[in-house]
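Shown next, in C-alpha cells, is the structure this report addresses.
Nothing in this text is a laboratory measurement; each read-out follows from the coordinates by a stated rule. Note that the coordinates shown come from a computational prediction; the quantities given were computed from them, not determined experimentally. Counting neighbours? That spans all protein chains shown, and the Cβs are built from the backbone with ideal geometry, glycine included.
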Number of protein chains: 2
Amino acid sequence: MSLLVVGTVAFDSVETPYGKEEMVVGGSAMYIGYSASYFVQDIKMVSIIGDDFSEGELNSMEDKGMNLDGIEKVKGGKSFFWAGKYHDDFNGRDTLVTDLNVLADFDPVLPQHYKDSKYIMLGNLTPDIQISVLDQLNDKPDLVMLDTMNFWINNTPDDLRKVLKRIDILTINDEEARMLSGEHALARAAAKIQAMGPYYIVIKRGEHGALLFYNDKTFFAPALLLQTLIDPTGAGDCFAGGFIGYLAKTQNLSFENMKRAIIHGSALASFCVEDFSNWNIKRLSLDQIDQRVNRFYDLTQFSLV
Amino acid sequence: MSLLVVGTVAFDSVETPYGKEEMVVGGSAMYIGYSASYFVQDIKMVSIIGDDFSEGELNSMEDKGMNLDGIEKVKGGKSFFWAGKYHDDFNGRDTLVTDLNVLADFDPVLPQHYKDSKYIMLGNLTPDIQISVLDQLNDKPDLVMLDTMNFWINNTPDDLRKVLKRIDILTINDEEARMLSGEHALARAAAKIQAMGPYYIVIKRGEHGALLFYNDKTFFAPALLLQTLIDPTGAGDCFAGGFIGYLAKTQNLSFENMKRAIIHGSALASFCVEDFSNWNIKRLSLDQIDQRVNRFYDLTQFSLV
C-alpha cells in the first residue's frame with residue numbers, strides 16, 4: 001500500500017553520555033522512511049535538502065525502498081541542521097543549534113505519482129506545510145497520521161488546529177498532550193484532543209512507553225529495558241515509521257491491529273536508540289524485528305488464571 | 001496460608017493538590033494489611049502504637065481479618081507520625097514532620113502463634129527490626145518479601161545487606177534500586193541486587209508501573225490511568241500487600257503466578273491513590289478488584305497475529 005512521508009532530511013550533531021557525533025544524517029522523514037521500509041516499499045518521500053548531502057546516503061535510502069522524487073535538492077543550499085546535547089540521565093536535552101537553511105523556504109510540490117498515496121505520514125514540520133501536502137492529494141487517503149511538537153502548539157496554534165481536523169491519528173508526547181489540551185490527566189487530555197479531530201491519539205512517553213487512545217479504549221505498550229541507550233534522537237520518528245509502515249502493510253485499521261502497530265513502532269524505536277543516527281535502523285533484518293516484537297510480548301503478556 | 005506483616009501503624013497529615021487531611025490513619029503495615037485482607041484472613045500484624053489510636057480504627061482492622069496480638073500498645077505513648085506535602089504535579093513530595101514517637105524503641109516480640117507463619121512481609125522499617133522478626137520464626141518460611149527505602153540504603157547499609165541475604169523478594173523504587181546497585185539501567189541494577197540475595201526484584205516506578213525481574217525474565221505492569229489521583233501515600237505498601245496476599249492465597253510461586261500477583265498488587269495500589277488514607281482500600285469488594293484486574297488485562301494484552 002502506498003505510503004507518503006513528509007518531514008526533514010537533515011544533519012545532526014549530537015552529544016550524549018555515550019559519545020559525540022558531528023554532522024551525522026538525521027531528520028524526521030529519514031528516520032520514518034527507514035523504519036517503514038521494513039514493512040512497505042516505494043515509500044514516497046517529501047522533503048528538501050541542500051547539495052551538501054552525499055550521494056551515498058541518498059542511494060542508501062533508495063536501496064531501502066524510498067522513492068526520492070519528492071525530495072527537492074537546492075543547488076548551493078545547506079540542509080537543515082540541528083545540534084543538541086542530552087543530559088547525563090537522558091531525562092532532557094538542550095538544543096544548541098537550529099539552522100533551518102533550505103527548510104526556511106520549503107514549499108513542497110508533490111510529484112504526480114505521489115498524489116494517489118493512501119497512507120500519509122506528516123512528520124513534525126510547520127502545520128501549513130502539512131496542510132499543503134494534504135491539499136495536493138487527489139483523493140481522500142485511507143489514513144493520515146501527524147506528529148507535532150510544543151513549538152507548533154505555542155507558535156502556530158491556529159494552523160495546528162486546522163490540520164488536526166484533517167487527520168486520523170496524532171502522535172504527541174505526554175507534556176505536549178497536556179499543553180495542547182490543558183488537561184494533566186492523560187486520559188482526559190486524549191479525550192479533549194480527540195474532539196479536535198483525530199480519532200486515534202498516541203501519547204509517547206519515551207522510556208515509559210506509549211499509549212493508544214480510541215474512544216473509550218486504551219492500550220499501553222512499555223518501552224523495552226535496553227542494556228545500552230546510546231542516542232534517543234529519532235526514537236519518536238522511528239516509532240511513527242514502524243507504526244504506519246505496519247498499518248500500510250497490513251491494511252487493517254481495527255483497534256486490535258493498531259495495538260500490533262504500536263508494538264512494531266516501539267520495536268523500531270528501541271533499535272534506533274541503540275546507536276547514533278540511522279546506524280542501527282538501516283541495517284536491521286526482519287528476523288531481528290520479529291525477535292524484538294516477541295520481547296514486548298514476553299514482557300507484558302499474562303493470563304488471568 | 002498464614003501471612004505475617006511487620007511495619008508501621010501510624011498517623012499521617014497529608015497535603016496534596018486535591019486537599020489536606022490531618023492525623024489520618026497511615027503506616028506501612030496498615031496499608032499492607034488492608035490490601036492483603038482481600039486475599040487471606042488472620043493476617044498476623046506486628047507493629048507498635050501509642051494509646052492515641054482509636055478503638056474504632058483497631059476494630060475495623062480486626063473486622064477485615066487482621067490479628068492484632070502482635071501490635072504493642074504503649075501506655076501514654078504517641079504513635080509514629082508523618083506529615084508531608086505533595087508537589088503540584090505529584091512528581092515529588094516534601095516530608096514536613098517525622099516523629100518516631102513509640103517507634104523509636106520498637107523491639108518486636110512475636111506472639112507464639114505468629115512463629116509458624118509461612119508468608120512474611122517485612123514492611124519498610126529499620127533492617128535490624130526486619131532481621132529480628134526473621135530470627136524469631138520457628139521454621140524457614142515459604143516466602144519472605146521486603147520493602148526498603150533510601151534512608152536505610154544510606155544510613156544502615158551493612159544491616160540492609162544482612163537482611164537482603166535472607167529474603168526472596170525485594171520491592172524497591174527505581175531511584176533506590178539505582179542507589180543500591182550503583183547501576184542506572186534497571187535491568188543491570190536488578191541483576192546486581194539479585195546477587196545480594198533476593199531471587200525476585202520488584203522495581204516500583206509509581207505512575208509508570210512496576211517491573212518484576214527473575215533471572216533473565218522480566219515482566220512489566222503499567223499503572224492504570226486514573227481520572228482522579230487524590231493521594232499517593234501508601235500506594236507502594238498497598239502494592240506489596242496485594243502482591244503477597246495474592247501469593248499467600250494461591251500458594252504458587254511460579255513466574256506466571258508472580259505476574260498475576262503484580263497485577264493484583266497494582267490494582268490495590270490504584271484504589272489506594274483514589275482517596276486519602278485507607279478510606280478507599282478498606283471498603284472494596286472482590287468484584288471491584290476483579291474488574292480492576294480486568295482493566296489491566298485490557299490495557300496491555302494483544303495478539304501477535
Checklist entry - Only one of these conditions is not met by residue B:109: (1) within 17 Å of the chain's Cα centre (by Cα); (2) farther than 26 Å from residue B:23 by Cα. Which number is it? => result (1)
Checklist entry - If we scan the stretch B:200-211, do we find a residue that is touching a residue at least 12 places away in the same chain (Cβ under 8 Å) and either over 18 Å from the mean Cα position of the chain (by Cα) or over 21 Å from residue B:263 (Cα atoms) (or both)? => result no
Checklist outcome for this item: Inside the stretch A:171-196, the number of residues satisfying the requirement of being farther than 14 Å from residue A:148 by Cα, touching a helix residue (DSSP H, G or I) at 6+ places or on another chain (Cβ under 6 Å) and small (Gly, Ala, Ser) is 1
Checklist entry - Which residues, counting only those in the stretch B:29-44, are hydrophobic (A, V, I, L, M, F, W, C) and either surrounded by fewer than 24 Cβ atoms within 10 Å (Cβ to Cβ) or not in a helix (DSSP H, G or I) (or both)? => result B:39, B:40, B:43
Checklist outcome for this item: If we ask which residues in the stretch A:207-220 are within 22 Å of residue B:205 (Cα to Cα), of a type outside the set (A, V, I, L, M, F, W, C) and either part of a strand (DSSP E or B) or more than 11 Å from every other protein chain (Cβ to nearest Cβ) (or both), their number turns out to be 1
Checklist entry - Considering A:73, A:78, which residue is of a type in the set (Lys, Arg) and outside any strand (DSSP E or B)? => result A:78
Item to check | Qualifying residues in the stretch B:266-289 (those that are small (Gly, Ala, Ser) and in contact with a Phe, Trp or Tyr (Cβ under 8 Å, 6 or more places away or on another chain)) - the one surrounded by the fewest Cβ atoms within 10 Å (Cβ to Cβ) | outcome: B:266
Item to check | Identity of the residue in the stretch B:270-305, under 16 Å from the mean Cα position of the chain (by Cα) and touching a residue at least 60 places away in the same chain (Cβ under 8 Å), that ends up nearest to the other protein chains (Cβ to nearest Cβ) | outcome: B:272
Next on the checklist: Within the stretch A:164-171, does at least one residue satisfy the condition of being surrounded by fewer than 16 Cβ atoms within 10 Å (Cβ to Cβ) and over 23 Å from residue A:117 (Cβ atoms)?
Outcome noted: no
Checklist entry - Only one of these conditions is not met by residue A:230: (1) within 13 Å of chain B (Cβ to nearest Cβ); (2) touching a residue at least 60 places away in the same chain (Cβ under 8 Å); (3) closer than 22 Å to residue A:179 by Cα. Which number is it? => result (3)
Item to check | Options A:50, A:70, A:65, A:84: the member that is more than 19 Å from the chain's Cα centre (by Cα) and either more than 29 Å from residue A:264 (Cα to Cα) or not hydrophobic (A, V, I, L, M, F, W, C) (or both) | outcome: A:50
Checklist outcome for this item: Going through the stretch B:230-247 in order, the residues found to be hydrophobic (A, V, I, L, M, F, W, C) and in contact with a strand residue (DSSP E or B) (Cβ under 8 Å, 6 or more places away or on another chain) are B:230, B:239, B:240, B:243, B:244, B:247
Next on the checklist: Can you list residue pairs whose Cβ atoms sit under 6 Å apart, with the first residue in the stretch B:143-168 being within 17 Å of residue B:32 (Cβ to Cβ) and the second being acidic (Asp, Glu) and in a loop (DSSP other than H, G, I, E, B)? Count only pairs 6 or more apart in sequence or on different chains.
Outcome noted: B:143/B:168; B:144/B:168
Checklist entry - Inside the stretch B:233-252, can you point out the residues that are within 14 Å of chain A (Cβ to nearest Cβ) and surrounded by fewer than 21 Cβ atoms within 10 Å (Cβ to Cβ)? => result B:249, B:250, B:252
Checklist entry - Is it the case that some residue within the stretch A:97-118 is surrounded by fewer than 20 Cβ atoms within 10 Å (Cβ to Cβ), assigned to a strand (DSSP E or B), in contact with a Phe, Trp or Tyr (Cβ under 8 Å, 6 or more places away or on another chain) and not hydroxyl-bearing (Ser, Thr, Tyr)? => result yes
